[in-house]
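Notes follow the structure.
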Amino acid sequence: MRPLALFAFIAILLGCFACSTGGKAPTPTNRFYTDGARALTAGDQLATRGCTQGAVENYFKAVELFTLSDDQGALATCFNNIGTLYLGAGKSADALHYYTEALELHTRNGSLEGKVRVLTNRAAAHLAEDSPDKAEEDLTQAESLSAQGELSWPQTRIAQANLRLHKGEAQEALNRLLEVDASLTAPEEALSASLHFALGRGYFALTRYEDALGHFSRALTVDRKRGALRLMVTDLREMGRTLTAMEQPSEAAWHLERGLRISALLGAETEHKDLQNMLNNLTDAAEGAPSAVTGYFLERWANGESFAAPCN
């Protein structure tokens, strides 16, 4: 499951306090909770954009405020979101600690839906740690809880497909993903992007490159629409990888260079180095050399000279 496209955020509702017809004063609210909800929302927005440091700061602030309001459900949401953020940043071991804490709180609160979502996310972290058996245990438990509570959480089925892909069962993975795709009507944007990305990976594993490229392109369209910048970089990277496999180095370089620019503005060093290495390794070395204009702006942004860096 795509870590930064698969964010599994649980919405925290801000209080709405309407006056009754009897003229009674509004029920007072705990300011620590409302301030915590604002910090959590701000963290979610920054996480979607790909601004890890700013998201962490807001999530940690929310943890403190929800601790003061003693809201255990909200704390579980914070820990889940922090785990997802760290997973997307490649820190799967840290993510596991936060997912496990969130699972403990949801277990104490009796939240089946919360447990299903966290177990699905934790399975992705186990896969990132190359522990498929542990991932399968979490997904089996998530599916059992979903059946028990008559819940529908498609991300669990996508995660199961990703597990099959991890095990080298590409056709089985693709079959599962196609079943999910056929069962959904008007999925929300994050789910749609995650599904198309997973389909792209499935087709790529089967060397069906045209199909893979189409789904990576659809994931990019959705991520672009919702401003998921770090996931846009990942989409462009996979499109570049696919075009390279299709022996189209010029088109591959074009997509990789676009991702390189976005990663530079994001300050996403790991992704930036990965894309640069892919460009350098193109069959035709000339294809991997950025234009003079791109090189100029990359140098500016690397030196912190930016008017629109999204995480500043």
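Some notes on this structure:
- Legend: calculated FRET efficiency, Phe32 to Gln53, from the Cβ-Cβ distance at R0 = 35 Å, rounded to 0.05, equals 0.90.
- Within the full protein context, the accessible area of Trp153 is estimated at about 50 Å² for a probe radius of 1.4 Å.
- Equivalent ellipsoid of the stretch 75-201: semi-axes from √(5λ) of the C-alpha gyration tensor, largest first, are 22, 17, 14 Å.
- Protection proxy ranking for 210-221, 167-178, using the average of other Cβ atoms within 10 Å per residue and placing the highest first: 210-221, 167-178.
- Residues Tyr98, Tyr86, sorted by accessible area with the largest first, give Tyr98, Tyr86 [1.4 Å probe; ligands and nucleic acids excluded].
- Tilt relative to the chain, helix 154-166 - C-alpha long axis, 0 to 90 degrees, to 10: 40
- Relative contact order for the chain, counting Cα pairs under 8 Å that sit 6 or more residues apart, in percent: 13
- Gyration tensor analysis over the Cα atoms of the chain returns equivalent ellipsoid semi-axes of 36, 26, 16 Å (largest first, whole Å).
- Ligands, DNA and RNA excluded, the heavy atoms of Phe60 present near 80 Å² of accessible surface to a 1.4 Å solvent probe.
- MRE, 222 nm, helices only [DSSP H, n ≥ 4, -39500 (n - 2.57), over the chain, to nearest 500]: -24000 deg cm²/dmol
- Heavy-atom accessible surface of His106, to the nearest 10 Å², is about 10 Å², with a 1.4 Å probe and all protein chains retained.
The values are calculated or read from the model by the stated rules, or taken from the named source; none is laboratory data. None of the values given here were measured: they were computed from a predicted structure. Cβ coordinates were reconstructed from backbone atoms using ideal geometry, including for glycine residues, and neighbour counts include every protein chain displayed. Ligands, DNA and RNA are excluded from the accessible area calculation, which covers all protein heavy atoms including side chains. Shrake-Rupley method; radii C 1.70, N 1.55, O 1.52, S 1.80 Å.
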